[in-house]
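Structure, as structure tokens:
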Amino acid sequence: MSEMSFEQMLEESLKSVHAGEIVTGTVISVKPDEIALNIGYKSDGIMTRSDYSADNQLDLTTVVSVGDEIECKVKKVNDGEGQVVLSHRDALQSKASEELRKAFEENAILTGKVVQVVKGGLNVEVDGARIFVPASLVSDSFERDLNKYQGQDIQFVITEFNPAKRRIIGDRKQIMSAMKKEQHDKLFSELKEGDIRTGVVKNLTDFGAFIDLGGADGLLHISEMSWGRIENPKKLFKPGQEVEVLVKEISGERIALTRKFPNENPWKDAESKYAVGEIVTGRVARMTDFGAFIELDKGIDALLHVSQISKDHVNKPSDVLEPGQEIEARVVDLDVDNHKISLSIKALLPEEEGDVADVDVEAASEE
């Protein structure tokens, strides 16, 4: 066999490569900023750091070893020095583009990392390929600040695929809507009045709090937040706080909640603790023109009618009492079913100093 025929046979044994082709190369040497690969061609392939990774500070010797196989895309067959220019990143993007095309055609759900938050939406990366999710398609509700998504993994579907124009559009909104509908249907199929659930405070108003139960919101009215008196829901709860609630009523899509748990009902022992004739101590909680409400315990207020404050005439309670003042009085009427207790300070006075007036029970009902 002549030397020429041997060279010809060697030439024929080596494959040909073309720009844009995907090849697999074996690492024959690696430097911090460059990799040399054998791709079965007459010339070796060269890959720079920027063609391997987006990290321009990456030391290639820390991630690649001699003998490793790397999938690459041919950028140039001859770089001017007889070497083939390769790119691992381009190979990943080509492969990812094909996967995205398939996902678009099948309406498949993808997961990608948000790599950039821009004015109009989110740039999401999947295996090196970029997808743009417009702000209007990020959520099923208005999002004022998208920065919270930076670096987060999100799910979406591709609604437009045009790589030639570098236009690949993702939609997270329809996934969120579908998930919420599924959660909604599941919640209402299981939820019953009397259930105790853990929810998350979604937002607060002057009249109550809306609690996310995982599929639907329930209203926790200010009057149902505690057995005690609540002046401002915002002093008791914060958005995002977990709370345990009891389902009080379900009416269609409306869910009424309460935190007045039966086992914590302060009135359950009221018949023995506040029997007529008992002397009790309480704190002035609030006052009206017709009397003062005395807090005997958390959730139990009693009425001290203006006529029962003193043997002397009292024009209005605030003339002789102050909020927070501690007073002692006798229980003169108890109605456990309607949660009403009437008190009298006059009933504690010795008879020689002043006759005990009959308590105006009707006035007690003005609470």
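The values are calculated or read from the model by the stated rules, or taken from the named source; none is laboratory data. What you are looking at is a predicted structure, and each value in this text was computed from that prediction instead of being measured. Positions of Cβ are generated from backbone atoms using ideal geometry, with glycine treated the same way; all protein chains shown enter the neighbour counts. What goes into the accessible areas is simple: the full protein's heavy atoms, side chains included, and nothing from ligands, DNA or RNA. Shrake-Rupley method; radii C 1.70, N 1.55, O 1.52, S 1.80 Å.
Pairs meeting the criteria (first residue in the range 241-270 and crowded, with 16+ Cβ neighbours inside 10 Å, second residue of a type in the set (S, T, N, Q) and assigned to a strand (DSSP E or B), beta carbons under 8 Å, at least 6 apart or on different chains) are V243/T198; V245/T198; V245/T258; L246/T258; K248/T258. Just for the range 264-303: of the residues that are polar (S, T, N, Q) and under 44 Å from the mean Cα position of the chain (by Cα), which one is farthest from W227 (Cα to Cα)? If we take residues in the range 264-303 being polar (S, T, N, Q) and under 44 Å from the mean Cα position of the chain (by Cα), then T288 is farthest from W227 (Cα to Cα).
Among the residues of the range 257-306, which ones are in contact with a helix residue (DSSP H, G or I) (Cβ under 8 Å, 6 or more places away or on another chain), modelled with pLDDT of 90 or more and assigned to a loop (DSSP other than H, G, I, E, B)? Residues satisfying the conditions are R259, K260, T288, D289, F290.
Quick grid of which residues meet (1) surrounded by 14 or more Cβ atoms within 10 Å (Cβ to Cβ); (2) in the same structural domain as L122 (by the TED database); (3) among the aliphatic types (A, V, I, L, M):
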{"position": "L137", "(1), (2), (3)": "yes, yes, yes"}
{"position": "R144", "(1), (2), (3)": "no, yes, no"}
{"position": "P163", "(1), (2), (3)": "yes, yes, no"}
{"position": "I168", "(1), (2), (3)": "yes, yes, yes"}
{"position": "K186", "(1), (2), (3)": "no, no, no"}
{"position": "I196", "(1), (2), (3)": "no, no, yes"}
{"position": "N203", "(1), (2), (3)": "no, no, no"}
{"position": "G208", "(1), (2), (3)": "yes, no, no"}
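Taking each residue of the range 84-110 that is of a type in the set (F, W, Y) and looking for partners that are not in a helix (DSSP H, G or I) with beta-carbon atoms closer than 7 Å, six or more apart or interchain, yields F104/I158; F104/F161. Would you please name the residue that is surrounded by the most Cβ atoms within 10 Å (Cβ to Cβ), looking only at residues in the range 271-307 that are among the β-branched types (V, I, T) and in contact with a strand residue (DSSP E or B) (Cβ under 6 Å, 6 or more places away or on another chain)? It comes out as I294.
Selection of first residues in the range 203-217 that are farther than 13 Å from E231 by Cα and of a type in the set (D, E) and of second residues that are open to solvent by 30 Å² or more (accessible area, probe 1.4 Å) and in a strand (DSSP E or B), restricted to Cβ pairs under 8 Å at least 6 apart or on distinct chains, gives the following pairs, ordered by first then second residue: D212/V200; D212/K202; D217/K202; D217/F210.
For the range 155-195, taking the residues that are free of Cβ contacts under 8 Å to residues at least 60 places away in the same chain and aliphatic (A, V, I, L, M), the one that is nearest to V115 (Cα to Cα) is identified as I169. Restricted to the range 72-186, the set of strands (runs of 3 or more DSSP E) holding at least 1 residues that are of a type in the set (S, T, N, Q) and closer than 30 Å to Y41 by Cβ comprises 84-87. Would you pick out the residues in the range 88-135 that are touching a Cys at 6+ places or on another chain (Cβ under 9 Å) and surrounded by fewer than 18 Cβ atoms within 10 Å (Cβ to Cβ)? Of everything in the range 88-135, just one residue is touching a Cys at 6+ places or on another chain (Cβ under 9 Å) and surrounded by fewer than 18 Cβ atoms within 10 Å (Cβ to Cβ), namely D90.
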